[in-house]
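Participant: Handing you a structure now.
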Amino acid sequence: MDAEPGLRARAAALEVLRQVLCGGRSLGRCLEARSALPDRRDEALAREICFGVLRRRSSLAHVLDVLLRRQLAADDSDVEIALLIGLYQLIYTRISPHAAVSTSVSLARHLGKPRAAPLVNGVLRNFLRRRGALSAGIARSGRPERSHPRWLVDAVRRAWPARWREILHANDARAPMTLRVNTARVGRERYLDRLREHAVEAWPVPHCEQAITLARPRDVSELPGFLSGEVSVQDAAAQLAAPLLDPAAGARVLDACAAPGGKTAHLLERCPSLELTAVDVDRERAGRIEGTLARLGLPARVRCADAASPGEWWDGREFHHVLLDVPCSATGVIRRHPDLRWLRRPEDPERLARRQSRLLEGTWPLLARGGTLLYATCSILPSENDDVIARFLAAHRDARVGPNHAIWGIATGHGRQVLPGDDGMDGFYYALLVKA
Amino acid sequence: MAILEVLHYPDPRLRNRARPVEHVDERVRQLVDDMLETMYAAPGIGLAAVQVNVPLRVITIDCSESRNEPVCLINPTIEAEEGELEAEEGCLSVPGVYESVTRSRWIRVRALDRDGEPIELEAEDLLAVCVQHEMDHLEGILFVDYLSRLKQARIRRRTKKLQRQT
């Protein structure tokens, strides 16, 4: 017999959050590593709770601090997560207070800690009683600078003194689900018609010829033509890469940090005759490129290797174009990975910048004269963007910034920056370099 | 110990009638332990072996608030029952569905325990409901069978839709 309506969703969320908050693992990996709950509504609720608690963690922890009369024991971090799950539902969702409280109390028992059940019950009921008085505190704690670690707030503030609040707000908002239509197979307008026939509300995205944003996220199995490769899920900002590089038919192209293969696929969809090599250093992730391309029926040479050490994999023939989508702090996509702000460390951007420079140095010699290299990050920090490019330009006389007539984002010294939320997009940086 | 896969309605294997256990041996004890682990992990308060695709008359239950009072019944039979109780039930094999069912409020059950020793159990309220719910599984009966045909059809449609995998 089933225990209680909705308990399974909360128990699953608790297990994932425990791995993220106590085990330092990434939310995406934890969600992938488990098998989904049999009821799709349960699974959706479990995910919503995971994302929500991580997004609102500081605010929730602040409210909990006020409500708890004494500190929880060190080995009660699971009880604390049960409380955060309960508070999240009471503050940020329309779940009935009774259901939110009773499932949270049951969570304590599910954890094998029935002695904590009265505490959970008391804290949550106390919250409901004092909700009015606490709401001013919630509003204050809801300020986005509280939902990010201090070092990250400072870094964003230094980088974008006029827009940092807006950026932090965008990080706490839900990201839309955006599709890339394979326009070689079906036109965007035609596909929008088909979505309407399936009662899926959607609209075209500015600046991106293939992009469609859905009014509400959907399971991909509900999207017409997904399995047969007519559409893929990809944020609009990531869809800016292929048109910027815009390779001609038959060109030799290197996608140097290609996994999971979204931009690789986009390049090939626009121009199937490319001679494209996709490289990624992570074996598991390189495997995902093949999966992506197989679904779409696209051809490419996939190599698991370090792009910065071409001796291991390069056949010696120069490329006309290089897409260098380097590993970065991912500070532009925090809204999609609410755990990221807690997993990143203050020293990460600097460490990553060294790696980014090395990748740039390592792949530049593979580019033919007159060819273009598109440097891309999903970071909003100049230390990983313009600063890396500036250092590179200073050291390489044969490199100059190429023409970029784009109207999206903000022109920085050497590239263009999309900030999270601009035109509904993720935060991204692109710089186009031409080899003399 | 291992977490077993739970069959989901309308899987026809849930309709199998379970065989009595002839000897409570190490394999049966292993099954009981795995069923308990599966039940606690779900989380659920009762599980029948039929639900994990083992057609044997074995059920595990824990209705305690503290979740530390496991009950295992092998070859259970109801010796006596009294009263009526209408309560909302859910089932690990019919995820997301909770409906009211009327059952006996009090029952007396004879069975074998995990060591194969005969036991007698008197149960009332939630525990009685849960024992009857799990014993139904041994006959291939699900709690949704007690609902109106209209409701059953609706549940079948909805489960199909919600279980469609990507």
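The values are calculated or read from the model by the stated rules, or taken from the named source; none is laboratory data. Predicted, not measured: the structure shown is a model, and the values here were computed from it. A quick note on method: Cβ atoms are made from the backbone with ideal geometry, for glycine too, and the neighbour counts reach across all protein chains shown. For the accessible areas, the whole protein counts, side chains as well, though only heavy atoms, and no ligand, DNA or RNA atoms are used. Shrake-Rupley method; radii C 1.70, N 1.55, O 1.52, S 1.80 Å.
Participant: Does residue A:388 satisfy the criteria of being open to solvent by less than 10 Å² (accessible area, probe 1.4 Å), in the same structural domain as residue A:414 (by TED's automatic domain parsing) and either in a helix (DSSP H, G or I) or of a type in the set (A, V, I, L, M) (or both)?
Facilitator: Criteria met by residue A:388.
Participant: Same structure, new question: Starting from residues that are within 14 Å of chain A (Cβ to nearest Cβ) and in contact with a strand residue (DSSP E or B) (Cβ under 7 Å, 6 or more places away or on another chain), keep the ones in region B:55-81 and report whichever is surrounded by the fewest Cβ atoms within 10 Å (Cβ to Cβ).
Facilitator: For region B:55-81, the residue satisfying everything is B:70.
Participant: Do we find that residue A:110 is in contact (Cβ under 8 Å) with a residue 12 or more places away in the chain, open to solvent by 30 Å² or more (accessible area, probe 1.4 Å) and either touching a strand residue (DSSP E or B) at 6+ places or on another chain (Cβ under 8 Å) or within 18 Å of residue A:42 (Cα to Cα) (or both) in this structure?
Facilitator: So residue A:110 fits the description; yes.
Participant: Within region B:98-134, take every residue that is within 14 Å of chain A (Cβ to nearest Cβ) and charged (D, E, K, R) and give me the one that is nearest to the chain's Cα centre (by Cα).
Facilitator: Among those that are within 14 Å of chain A (Cβ to nearest Cβ) and charged (D, E, K, R), it is B:134.
Participant: Additional query: Could you say whether any residue in region A:81-98 is without any contact (Cβ under 8 Å) to a residue 24 or more places away in the chain, under 20 Å from the mean Cα position of the chain (by Cα) and open to solvent by 10 Å² or more (accessible area, probe 1.4 Å)?
Facilitator: No, there is no match, as no residue in region A:81-98 is without any contact (Cβ under 8 Å) to a residue 24 or more places away in the chain, under 20 Å from the mean Cα position of the chain (by Cα) and open to solvent by 10 Å² or more (accessible area, probe 1.4 Å).
Participant: Take the residues of region A:200-231 that are open to solvent by 10 Å² or more (accessible area, probe 1.4 Å) and not in a loop (DSSP other than H, G, I, E, B): which is nearest to the other protein chains (Cβ to nearest Cβ)?
Facilitator: Across region A:200-231, the extreme among qualifying residues is A:221.
Participant: Then there is this: Pull up region A:184-199, narrow it to residues that are within 17 Å of residue A:234 (Cβ to Cβ) and part of a loop (DSSP other than H, G, I, E, B), then point me to the one that is least open to solvent (accessible area, probe 1.4 Å).
Facilitator: As a first pass, look at region A:184-199 and keep what is within 17 Å of residue A:234 (Cβ to Cβ): A:184-186, A:188, A:191-192, A:195.
Then keep just the ones that are part of a loop (DSSP other than H, G, I, E, B); that gives A:184-186.
Values: A:184: 79, A:185: 120, A:186: 12 Å².
Per the criteria, the residue is A:186.
Participant: Looking only at region A:252-305, which residues are over 21 Å from residue A:229 (Cα atoms), assigned to a loop (DSSP other than H, G, I, E, B) and over 23 Å from the mean Cα position of the chain (by Cα)?
Facilitator: A:305
Participant: May I ask you to list the residues in region A:327-340 that are in a loop (DSSP other than H, G, I, E, B) and surrounded by fewer than 24 Cβ atoms within 10 Å (Cβ to Cβ)? Explain how you work it out, then say what you get.
Facilitator: Of region A:327-340, the ones in a loop (DSSP other than H, G, I, E, B) are A:327-339.
Selection gives A:327, A:330, A:333, A:335, A:336, A:337, A:338.
Participant: Residue by residue through region B:135-147, note down the ones that are away from chain A (no Cβ under 14 Å), open to solvent by less than 60 Å² (accessible area, probe 1.4 Å) and not in a helix (DSSP H, G or I).
Facilitator: Of everything in region B:135-147, those that are away from chain A (no Cβ under 14 Å), open to solvent by less than 60 Å² (accessible area, probe 1.4 Å) and not in a helix (DSSP H, G or I) turn out to be B:140, B:147.
Participant: Going by what's in this entry, would residue B:35 be described as buried (at least 22 other Cβ atoms within 10 Å of the Cβ), without any contact (Cβ under 8 Å) to a residue 60 or more places away in the chain and within 26 Å of residue B:13 (Cα to Cα)?
Facilitator: yes
Participant: When you scan region B:46-54, do you find a residue that is open to solvent by 40 Å² or more (accessible area, probe 1.4 Å), within 14 Å of chain A (Cβ to nearest Cβ) and outside any helix (DSSP H, G or I), even just one?
Facilitator: No, every residue in region B:46-54 fails to be open to solvent by 40 Å² or more (accessible area, probe 1.4 Å), within 14 Å of chain A (Cβ to nearest Cβ) and outside any helix (DSSP H, G or I).
Participant: Given the criteria small (Gly, Ala, Ser), modelled with pLDDT of 95 or more and either assigned to a loop (DSSP other than H, G, I, E, B) or out of contact with any Phe, Trp or Tyr (no Cβ under 9 Å at 6 or more places or on another chain) (or both), does residue B:128 qualify?
Facilitator: Details: small (Gly, Ala, Ser): yes; modelled with pLDDT of 95 or more: yes; either assigned to a loop (DSSP other than H, G, I, E, B) or out of contact with any Phe, Trp or Tyr (no Cβ under 9 Å at 6 or more places or on another chain) (or both): no.
So residue B:128 does not fit the description; no.
Participant: Okay, moving on. For region A:14-36, give me each residue that is away from chain B (no Cβ under 13 Å), of a type in the set (A, V, I, L, M) and either buried (at least 23 other Cβ atoms within 10 Å of the Cβ) or touching a residue at least 40 places away in the same chain (Cβ under 8 Å) (or both).
Facilitator: Looking only at region A:14-36, we keep the residues that are away from chain B (no Cβ under 13 Å), and these are A:16-31, A:33.
If we keep only those that are of a type in the set (A, V, I, L, M) as well, we get A:16-17, A:20-21, A:27, A:31, A:33.
Residues satisfying the conditions are A:16, A:17, A:20, A:21, A:27.
Participant: Please specify each residue of region B:86-97 satisfying the condition of being of a type in the set (D, E, K, R), surrounded by fewer than 18 Cβ atoms within 10 Å (Cβ to Cβ) and within 11 Å of another protein chain (Cβ to nearest Cβ).
Facilitator: Across region B:86-97, the qualifying residue is only B:88.
Participant: Restricting to region A:79-114, name every residue that is part of a helix (DSSP H, G or I), within 14 Å of chain B (Cβ to nearest Cβ) and closer than 19 Å to residue A:18 by Cβ.
Facilitator: Of everything in region A:79-114, those that are part of a helix (DSSP H, G or I), within 14 Å of chain B (Cβ to nearest Cβ) and closer than 19 Å to residue A:18 by Cβ turn out to be A:82, A:103, A:104, A:105, A:106, A:107, A:108, A:109, A:110, A:114.
Participant: Something else: Return a yes/no flag: does region A:350-359 have any residue that is within 30 Å of residue A:148 (Cα to Cα), under 22 Å from the mean Cα position of the chain (by Cα) and in a strand (DSSP E or B).
Facilitator: no
Participant: Which ones in region A:306-326 are part of a loop (DSSP other than H, G, I, E, B) and among the charged types (D, E, K, R)?
Facilitator: Once the filter is applied, which keeps residues that are part of a loop (DSSP other than H, G, I, E, B) and among the charged types (D, E, K, R), region A:306-326 yields A:306, A:315, A:317, A:318.
Participant: Step by step: first the residues of region B:1-32, then only those that are in contact (Cβ under 8 Å) with a residue 12 or more places away in the chain and assigned to a helix (DSSP H, G or I), then the one that is nearest to residue B:90 (Cα to Cα). Which residue is that?
Facilitator: B:14
Participant: Here is a check on your reading of the model: is residue B:17 away from every other protein chain (no Cβ under 14 Å) and open to solvent by 70 Å² or more (accessible area, probe 1.4 Å)?
Facilitator: Yes, satisfied.
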